[in-house]
Amino acid sequence: MVVRSILLLSFSDLSYPLKRCFLNFPMFLVNYQVKRKKLVRMWMTQWFEVADGYFGRSKVFKMHDVIKEIALSISKAERLCGNRHLCIQKEMRSGTVSRTNLPSILVCTKFELPPILRLLRSLDLEGSGINKLPDFWLTLFNLKYLNLSKTKVKELLRDFHRLINLETLNTKHSKVNELPLRMWKLWKLPKLIKTLGNMTQLRIISLVMIRREHRSDLCESLNKIKRLRFLSLTSIHKDKPLDIDGLIANSSIEKLFLTRKPERIPSWFSNPQNVTYLGQRGSQLQKNAIHYIQTLPKLVWLSLYNAHMGTRLCFDEGFENLKILDKVQMQHLTEVVIEDGVMFGLQKLYVKARRVLESVQKGIENLVNLQELHLKGVVRSRVKHIPAIKHHFRNENGSFYVSLSS
């Protein structure tokens, strides 16, 4: 009784926001361990304002039976929020939950969520037996917090972006290895880039509308993903550079696509030893950029679209395994040089813009293994050793090509 009295006195001295947080405790099981960050995020979804600094250095908390009892008794006596939150600790049928105004649910076992919880704001499924997200979840428009960590869920719903109020998504140690295409529409999900590093099974990442202020969190998260195969990064700023020098070369990356210009050539640029495809669009790299690319030992496909600031583009060494050089189009380019012996195995070349063709034609003569030459907006020309030459053009009726092969 003495301990209870002291705790009640301490509760009375709490500010109103902290009282609301305290009365949220009944939803947790006795001896349930909860991390500080998780607790704060769950409270924030209930519009509880709380400062992380109140917790001191503690990172994990365990629910004490006395604390739970006090919080539950006060909550019931004052008819506050404590009895509106649900913790499911044993298997039950979805029909068992009949209330439609529950703002928060904590699931500790296998459970089928009923399709009636339209007001749900916080859903914690950490360690539960769920393995697939039901379609009706897309109607949970008020959902702000979703925890799928340590579950068997393999993929998010295709239209996951419809959860427009989602602020926190946790898939750490789950089976999720790919994000839906339109995730960027979840504009209230500021921590998405930060949480990417928790999705260690991800194989494909394509991010658009990246802001400069995201660069540190972005690099830190990507450095944690060791099995990444495809990485595409597009900045929201056309003219402002994006600094991604903090990335560590990931040997697992096979396809890399960068849109908009980096602040400088990343120090890791020539290190990804397994890159087979490299796409650069609007990167506006300087003349030394090619020297970083030419040493990639397994590069098979190189795509350059407005990716070079200079007037002269010189391929003087390297590119030993390159098979396709695609979309050679730069705004200021007047001369392309392909030295003898470089790109010896090149089989397909796509060139756009008249002045590029006029300067590259001598280099084409050195590409003895070239099988296809695609030209667009250039003077029609034939090269004897190339089996297939196609001149592409467009008019009001659509896109066409004319074969210039001998």
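Each residue was assigned an accessible area with a 1.4 Å probe, and for Ile324 the value is about 40 Å².
Heavy atoms only, 1.4 Å probe, whole protein assembly: order Trp187, Trp301 by accessible area, highest first.
On the way: Trp187 190, Trp301 95 Å².
Reading off the accessible areas and sorting them downward yields Trp187, Trp301.
Among Phe25, Phe393, Phe319, the sequence by solvent-accessible area, most first, with a 1.4 Å probe is Phe393, Phe25, Phe319. The accessible-area ordering, largest first, of the residues Thr171, Thr295 stands as Thr295, Thr171, per a 1.4 angstrom probe. Here each label is just a point 7 Å from Cα along the line to Cβ, and for Lys226 and Glu112 those points are 3.9 nm apart.
Here Ile67 sits with roughly 40 square angstrom of accessible surface, probe radius 1.4 Å.
Pairs from the table (Lys226/Lys348; Lys76/Lys172; Lys255/Lys323; Lys19/Lys150) lying more than 25 angstrom apart at Cα are Lys226/Lys348; Lys76/Lys172; Lys19/Lys150.
Annotation: Arg182 carries an accessible surface of approximately 80 Å², with a 1.4 Å probe and no ligand, DNA or RNA atoms counted.
Counting Lys and Arg as +1 and Asp and Glu as -1, what is the net charge of the other residues whose Cβ lies under 12 Å from the Cβ of Ser251? Don't skip to the answer; put the middle values down first.
Values: positive: Lys226, Arg227, Arg229, Lys298; negative: Glu254.
Result for the neighbourhood of Ser251: +3.
Suppose the Debye formula is applied to equal point scatterers at every Cα of segment 116-220; what is log10 I(q)/I(0) at q = 0.24 Å⁻¹? Result of the Debye calculation: -1.58.
The values are calculated or read from the model by the stated rules, or taken from the named source; none is laboratory data. The shown structure was predicted, so the numbers you read here are calculated from the model rather than taken from an experiment. Please note: Cβ atoms are built from the backbone with ideal geometry, for glycine as well, and neighbour counts cover all protein chains shown. Heads up: the accessible areas ignore ligands, DNA and RNA and are worked out on the full protein's heavy atoms, side chains in. Shrake-Rupley method; radii C 1.70, N 1.55, O 1.52, S 1.80 Å.
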